[in-house]
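The structure appears below as structure tokens.
The values are calculated or read from the model by the stated rules, or taken from the named source; none is laboratory data. Owing to the predicted nature of the structure, the values given are computational and were not obtained by experimental measurement. Cβ sites come from the backbone with ideal geometry, for glycine too, and all protein chains shown count toward neighbours. Side chains included, ligands, DNA and RNA excluded: accessible areas come from the protein's heavy atoms. Shrake-Rupley method; radii C 1.70, N 1.55, O 1.52, S 1.80 Å.
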Amino acid sequence: MLSRFMSGSIRNLEREYSCTVRLLDDTEYTCTIQRDAKGQYLFDLICHHLNLLEKDYFGIRYVDPDKQRHWLEFTKSIAKQMKSQPPFTMCLRVKFYPPEPAALKEEITRYLVFLQIKRDLYHGRLLCKTSDAAMLAAHILQAEIGDYDPGKHPEGYSSKFQFFPKHSEKLERRISDLHKTELIGQTPETSERNFLQKAQMLETYGVDPHPCKDVSGNPAFLAFTPFGFVVLQGNKRVHFLKWNEVTKLKFEGKTFHVYANQKEDEKIILTYFAPTPEACKHLWKCGVENQAFYKLEKSSQVRTVSSSNLFFKGSRFRYSGRVAKEVMEQSAKIKREPPEIHRAGLVPSRSCPSITHGPRLSSVPRTRRRAVHISIMEGLESLRDSAHSTPVRSVSHGDSFMPRSRSQATDHSERTAVISDEAYSPSDSVLPTPVAEHSMELAASRQINGAPCSIEEEKESEAGTPMRGEGGDFGADGRSAQEGAGGDTALSEVEQVNKFVLSVLRLLLVTIGLLFVLLLLLIILTESDLDIAFLRDIRQTPEFEQFHYEYFCPLRRWFACKLRWVGGLLINK
């Protein structure tokens, strides 16, 4: 009995595994699920835990052992998607940014988006000028510590928060002044809503930066937004294509293509190169999902897409889920008592470490402690914070980052738009990281401002962030890629030749295979005695009889003659 009980228990353990998901407030949700459980099951567990109904904007992100990020596919088994061994560690993040986050139906949804945008602000993905940065930070202070109280908040209290990758004492004073004078009396909900309204008007709100290189080898960031496809280079938006202009997204190896039709049927093709084939495939899948989510009217219109024009090669992928219009319609039908929101207190944060050496107050709270299992810690170290997709609006050089109405936001300029005085350089964008212009300078500036630069502080700064990607634009990976830029150009030419040769070989093999099948069918038709209805019908057609007597029989006699001649030569030798 005991042995049977023990063996049964072991079998149950083999069929189950532990899964830990890091939530947006840095708390953790750990559960045990069946080995054959699909992604949708885990996602539903998390949404039930959070009491979240407007869940279509969110997703679960994980990183494989090769440091490549992925979104968990809800229709597939979790165990089959993960390349590592359990226990698994993942992160809940915003996958599709709402175009108007302040207009979301429920406060719990707005709060989660608020937490995500704070992360984007800290990691440099949400870029803005100083005045906007000060107001955003002041709203965060008001939401988390309430009204200014001289007894609780001594001089320089705002310096104990790290809102941005780097900032000056002047900016800290401006944040404190705004918090003391302009935001008094605002509740956390009001401050969060005002924060969202301010953030959604910024050029880089919600942009998901995929680092790539253009055909000249220059670094660029590719992003998919609710309005279309965006390319950012330096401090400018160099390309913008609306979703109704994008006709196809394609990739092969490291090469990513965007096909579009612009004014008066003008067809254009944009080509970029990702750091690895896996990164390029992830970029393509993100584009397919964003195009389906924001462009289509109904989820029934979603179709399976292929990464190639040829049926025998490439990847196939289909977005599973509701589209934006359906999500908004469903949200309008929600009728329940608003769920209680447990906003985290003032505890230290991995995501937003203090810029001073004193006690930390956090702009992204954390309840996690060092007593977490080592396996979980190691898994979270491989996860990077997610960057996301929302609109980049076109602006002129003089009015970048100025608030716009909804109608103005859709009026996109065809000219190159300046997005900031500084180059767009998210400090924690994606994996792997390809290029870096001034990573050492930014790393030094972060050290001066007190932001983490040591290995231990890097581990504390953002769970799920590999150490190589933290310094400056892209960290060590970026520096090594930039140093090898000349070699990459030469390699890319060789890779292009190799890809062409492989494509020709594939086409040749497929052609030979089709000809072989046709030859077998022809032999069966002419030489076999199979009495099958469709073969009999073909044999009785006048065209086949003419082909048989005028072409096939002479060809057969010619082959037989040549075979006899070759046989005679072999026998005589």
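For each pair in LYS76/LYS285; LYS129/LYS213; LYS263/LYS295, compute the distance between the two Cα atoms and list the pairs where it is over 21 Å. Where the Cα-Cα span goes over 21 Å, the pairs concerned are LYS129/LYS213.
Note down the net charge around LYS83, summing +1 for each Lys or Arg and -1 for each Asp or Glu among other residues with Cβ under 12 Å from its Cβ. All intermediate terms of the calculation are to be shown ahead of the outcome.
Details: positive: LYS67, LYS80; negative: ASP64, ASP66, GLU278.
Charge balance in the 12 Å sphere: -1.
For MET201, MET90, MET328, the ranking by accessible surface with the largest value first comes to MET328, MET201, MET90, using a 1.4 Å probe.
Phi angles of the stretch 333-340 translate, via the Karplus equation with coefficients 6.51, -1.76, 1.60 and θ = phi - 60°, into HN-Hα couplings of 8, 5, 9, 7, 5, x, x, 6 Hz per residue; Gly and Pro are given as x.
Please go through the stretch 234-273 and write out the trypsin sites (Lys or Arg not before Pro) that DSSP classes as loop and that have at most 15 other C-beta atoms within 10 Å.
Working: sites: LYS236, ARG237, LYS242, LYS248, LYS250, LYS254, LYS263, LYS267; in loops: LYS254.
The qualifying sites: there are none.
Bridging of LYS333 to lysines at a Cα separation below 20 Å is possible for LYS55, LYS105, LYS298, LYS325, once same-chain residues fewer than 8 apart are set aside.
Give a quick list of GluC sites (Glu not before Pro) in the stretch 150-205 that DSSP marks as loop, anything other than H, G, I, E or B, with at most 13 other Cβ atoms within 10 Å. Could the numbers behind the result be given before it?
Working: sites: GLU155, GLU169, GLU172, GLU182, GLU189, GLU192, GLU203; in loops: GLU155, GLU182, GLU203.
Passing sites in the stretch 150-205 are GLU155, GLU182.
Where in the stretch 97-133 are there trypsin sites (Lys or Arg not before Pro) that are in a DSSP coil and have at most 15 other Cβ atoms within 10 angstrom of their Cβ? Before the final figure, lay out the partial values.
Details: sites: LYS105, ARG110, LYS118, ARG119, ARG125, LYS129; in loops: LYS105, ARG125, LYS129.
Counting only loop positions with at most 15 other Cβ atoms within 10 Å, the trypsin sites (Lys or Arg not before Pro) in the stretch 97-133 are LYS129.
The lysines within cross-link reach of LYS80, meaning a Cα-to-Cα straight distance under 16 Å and a gap of 8 or more places when in the same chain, are LYS38. Among the listed pairs LYS166/LYS281; LYS198/LYS236; LYS95/LYS118, those whose Cα-Cα separation exceeds 24 Å are LYS166/LYS281.
Averaging the Cα positions of each part gives two centres, and for the stretch 131-200 and the stretch 514-551 these lie 83 Å apart.
Which of rounded, prolate or oblate describes the stretch 127-207 when judged by the alpha-carbon gyration tensor and an a/c cut-off of 1.5? Oblate shape, in that a/c is at least 1.5 and b/c is the bigger or equal ratio.
Among rounded, prolate and oblate, which fits the stretch 489-554 when a ≥ b ≥ c are the square roots of the eigenvalues of its C-alpha gyration tensor, a/c under 1.5 means rounded, and a/b larger than b/c means prolate? Cα axes put the stretch 489-554 in the prolate bin.
Residues with beta-carbon under 11 Å from that of ILE184, excluding ILE184: net charge, scoring Lys, Arg +1 and Asp, Glu -1?
Details: positive: LYS180; negative: ASP147, ASP149, GLU182.
Spelling it out: positives minus negatives among the neighbours equals -2.
Once every Cα of the stretch 235-341 carries one equal point scatterer and solvent is ignored, give the base-10 log of I(q)/I(0) from the Debye formula at q = 0.10 Å⁻¹, two decimals. Cα-only, vacuum Debye calculation for the stretch 235-341: -0.39. Rolled with a 1.4 Å probe across the full set of protein chains, the surface gives PHE500 an accessible area near 140 Å².
Distant-in-sequence amide contacts of GLU16, defined by a placed amide H-H separation under 5 Å and a gap of 5 or more residues or a different chain, comprise ARG35. Size descriptors for the stretch 47-124: radius of gyration and Dmax over Cα atoms are 14.2, 41 Å.
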